[in-house]
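This report concerns only the one structure given below.
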Amino acid sequence: MSDTAMAAAGLGKRFGRRKGWALRECAFRLPAGRVCAVVGPNGAGKSTLLAHAAGLLRPTEGTLTVLGTSPAAARERMAYVAQDKPLHPQLTVAETLRWGREMNPRRWDRAVAERVVADGALDLDAKIRVLSGGQRTRVALALALGKRPELLLLDEPMADLDPLARHELMGTLMADAAEHGTTVVMSSHVVAELEGSCDHVLLIGSGRVRLAGPLDDLLTAHTLVTGPAADLDGHTVIESRTTGRQTTALIRPGGRLAGTWQRTTPTLEELVLAHLRSPEAPSLHLDSDDADDPAEPVEAAV
Amino acid sequence: MTVKTAPAALERPGRAFALQGLVRVTLRLHRPALRFWLLYVAVAACALLWIYGFALDAAFGTFSRSGCRERVVEQACDYSGTERAQLGFAESVARRLIGLVPLFAAAWAGGSLIGRELERDTAQLAWTQSVTPTRWLAAKLAVPAALLVTGTVLLTLLHRLMWDRHSELWGSAGTWEWNQSSYFVANGTLATAYALLGLAVGALAGLLARRSLPALGIAVVALLTLASVISSLRPHLWPAETLTRKTGYPQQSTGMVVGDGVITSSGSRVPDPYCAYDECRAARDVVGYYRDYHPSSHFWPLQLMETGIVLAVTAAATAAAFWLLRRRTA
């Protein structure tokens, strides 16, 4: 198994000649075994990126490699759950699982797929068209996990789920990923949904990679400072807001910080929001090959 | 087919199983269409068998008893009688069912087989399993193609059976024209070829439109256009035979007419000036009349030439569909 789950170089995609770029000059590297959150606002290009990784789209320029090869060649070794959870509405749950087995004859793990479905207490003879959104998501996830993928691509997996179903499914997913060492790439525009389950972050804004790297490294590379309005020269200021004489700023420290500042480590949400509010802030890549540290065990915490 | 494995073990069957699986998947996803096709073939086949085994003889019995057989010129008595009406109805239903297969195939392939799958993203779901888009499309086309060929070949054979029985009984007194388009198609390889063309055109329309309803519309319009263009070429696909006569057209009504007109003394063919008298003919240098036509012995050459063209267009549409799919996906 390659130690890189996914890598992009100069990846760009334009739909039609007159439309703008959905992705532009994307470059990043995701080590295997990580749980990676792809975050960004609606329409940022998250779905386009995942569809490229799944081999459903061809890049207009640049390359994207998956599990050390092209997405088409890695088809058998990865699973993809699209945003709207497409399933054949005329099939029953049991027939859908049989469909999965027949579409993945060399990889299918029936027990895993059936367990995911059974955990949701789904009626095996129910047609897909009568299932609720949460139940459909569970069947889609059963199809994906039944394939026993090395790389699992999930596009907004938890959208339109109630909090309880979200919690349950995330638990199922993370437990399975931890057990098999699966690399998970999960997109969401709800950052809170991913905090606590991911250890790697890819922030996409306007089709470009704004932040890429291990979550902890990204968080420690930034500091949230509060204090009387003062100069922040020598530091990279991502965002700064002043109310009265008090200034709050998210910075990438470039040296010693004056003692007047109160400093805290930002949360993922603060980090993401600050970067999205400041589109002109420079991007930060902490995922280059030489800066790579051995992948830490995936935490199954939810 | 049973493949027993321990619950926790990965199933690792061979390539043959993978192929069978893809066939089963295609059949299961389109079960209503499969049922419809079986019913369709059954209805047409029953009608043809009924005509062959019963209706033709019954109609011929009344026809003979009425004495019409000896007086062929009196057309009125050709079309009377309940048996004759029943025969005519059943025969036209069966023939039209055969003729409509390509249209149904195109509408279904565009709207349901491909268009709906792309619209609902279930095609994308399939492509992210272990099956490449190319193999997915190959299965989508091969399984219905096999069923269409089986069904249309069966119906064609039954139609020929009925046709031969009719010729046997009526002989030259028959009113069924071999060159009338729906008989011509139902009696040969064209019924199958046009059905396959419908499937290919529908699949291409589905991939182009990527939505169910527009794909259905495009498929139907494209098929009707192609079929009318190709069948308009029909009389020109084989060298015609020529009949000539000094005054008035040769009596040749039971063949496929390609063209007619008058011949001048220099031997050139010109449009008919519609002369009633010899003076008129002489003034316009008309020395004779000609008619180009296909006798019934040209049935197979014409049939096979057109089949070749239809299959070539089918192959082109299929190639275009694969090309389009490969260009879009990785």
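Details
- Three-way shape label, region A:1-93, alpha-carbon gyration tensor, a/c 1.5: oblate
- Taking all protein chains as they are arranged and a probe of 1.4 Å, the heavy atoms of residue A:52 leave approximately 0 Å² accessible to solvent.
- Database remark: amide H of residue A:32 closer than 5 angstrom to the amide H of A:4, A:5 (H placed geometrically; neighbours at sequence offset of 5 or more, or on other chains; Pro and chain starts carry no H).
- Per-residue SASA entry for residue A:127, accessible area with 1.4 Å probe, Å² rounded to 10: 80 Å²
- Among B:83, B:177, B:168, the largest mean-square fluctuation in a Gaussian network model of chain B, built with springs joining Cα atoms closer than 10 Å, belongs to B:168.
- 3J(HN,Hα) from dihedral phi, region B:134-146, Karplus parametrisation 6.51/-1.76/1.60, rounded to Hz, x for glycine, proline: 4, 5, 4, 5, 4, 5, 4, 8, 5, 5, x, 4, 4
- In region A:78-201, the alpha-carbon atoms span a convex hull of 95 Å³ per residue.
- Selected from A:120, A:83, A:57, residue furthest toward positive end of dipole (region A:31-120; charges at beta carbon): A:57
- With contacts taken as Cα pairs under 8 Å at a separation of at least 6 residues, region B:157-246 carries a relative contact order of 18 percent.
- Unit charges on C-beta of K, R, D, E only; dipole of the protein assembly as shown, Debye: 1140 debye
- Residue-by-residue Karplus 3J(HN,Hα) for region B:275-292, coefficients 6.51, -1.76, 1.60, Hz, glycine and proline x: 7, 9, 10, 4, 4, 4, 4, 5, 4, 9, 6, 8, 10, x, 10, 10, 8, 8
- Test item: Cα-centred dipole of region B:184-330, Lys/Arg +1 and Asp/Glu -1 on Cβ, debye: 840 debye
- When the residues B:52, B:183, B:274 are ordered by accessible surface, computed with a 1.4 Å probe over the protein chains alone, the sequence from largest down reads B:274, B:52, B:183.
- In loop segments of region B:208-286 as defined by DSSP, the trypsin sites (Lys or Arg not before Pro) with at most 11 further C-beta atoms inside 10 Å of their C-beta are B:246.
- Selected from A:173, B:23, A:206, residue furthest toward positive end of dipole (the protein assembly as shown; charges at beta carbon): B:23
- Rounded percent of accessible protein surface that carbon and sulfur make up, region A:150-267, 1.4 Å probe: 51 percent
- Using the Stokes-Einstein relation with a Kirkwood hydrodynamic radius computed over Cα pairs, the translational diffusion coefficient of region B:209-330 at 20 °C and a viscosity of 1.002 mPa s comes to 118 µm²/s.
- Accessible surface of chain B [probe 1.4 Å, protein heavy atoms]: carbon and sulfur percent: 64 percent
- 13 Å tail of the calculated P(r), region A:91-135, as % of Cα pairs: 54 percent
- Karplus (6.51, -1.76, 1.60) ³J(HN,Hα), θ = phi - 60°, over region A:250-255, in Hz, Gly and Pro reported as x: 9, 10, 9, x, x, x
- Remark: for residue pairs A:46/A:85; A:19/A:147; A:19/B:140; A:46/A:127; A:85/A:147; A:127/A:147, the C-alpha separation exceeds 27 Å in A:19/A:147; A:19/B:140; A:46/A:127.
- Computed [θ] at 222 nm, deg cm²/dmol, chain B (DSSP H ≥ 4; -39,500 (n - 2.57); rounded to nearest 500): -20500 deg cm²/dmol
- Among B:262, B:287, B:220, the residue with the largest mean-square fluctuation in a Gaussian network model of chain B, with springs joining Cα atoms closer than 10 Å, is B:287.
- Accessible area that becomes buried as B packs against A, both chains, 1.4 Å probe, Å², nearest 100: 3300 Å²
- Hydrodynamic radius by Kirkwood, which averages 1/r over all alpha carbon pairs of region B:91-201, in angstrom: 15.7 Å
- DSSP-defined beta bridges in chain A - what % are antiparallel, rounded to 5: 65 percent
- Scattering curve values for the protein assembly as shown, log₁₀ I(q)/I(0), Debye with Cα scatterers, q = 0.06 Å⁻¹: -0.51
- Going from the isolated chain to the complete set of protein chains, region A:63-103 loses at least 50 Å² of heavy-atom accessible area (1.4 Å probe) at A:75, A:86, A:88, A:90, A:99, A:102, A:103.
- The separation of region B:154-183 from region B:229-294, counted between C-alpha centres, amounts to 28 Å.
- Based on the Kirkwood approach, the hydrodynamic radius assigned to chain B is 23.3 Å, with every pair of different Cα atoms included.
- Of all DSSP bridge pairs formed entirely within the protein assembly as shown, close to 70 percent run antiparallel.
- Diffusion coefficient, µm² s⁻¹, Stokes-Einstein with Kirkwood Rh over alpha-carbon pairs of region B:141-239 at 4 °C and 1.567 mPa s: 84 µm²/s
- Across chain A, the volume of the C-alpha convex hull divided among the residues equals 150 Å³ per residue.
- Helix B:212-232 axis, angle to chain B major axis (alpha carbon atoms, nearest 10°): 30 degrees
- Other-chain or far-sequence residues with amide H under 5 Å of residue A:126's (modelled H): A:93, A:94
- Working from Cα pairs under 8 Å separated by at least six residues, relative contact order for chain B is 20 percent.
- Solvent-accessible surface (1.4 angstrom probe) belonging to residue A:119, in square angstrom, nearest 10: 90 Å²
The values are calculated or read from the model by the stated rules, or taken from the named source; none is laboratory data. Just so you know, these numbers come straight off a predicted model, no measurement behind them. Here the Cβ is made from the backbone with ideal geometry for all residues, glycine too, and neighbour counts use every protein chain on show. The protein model used for the area step is the full one, side chains on, heavy atoms only, and it has no ligands, DNA or RNA in it. Shrake-Rupley method; radii C 1.70, N 1.55, O 1.52, S 1.80 Å.
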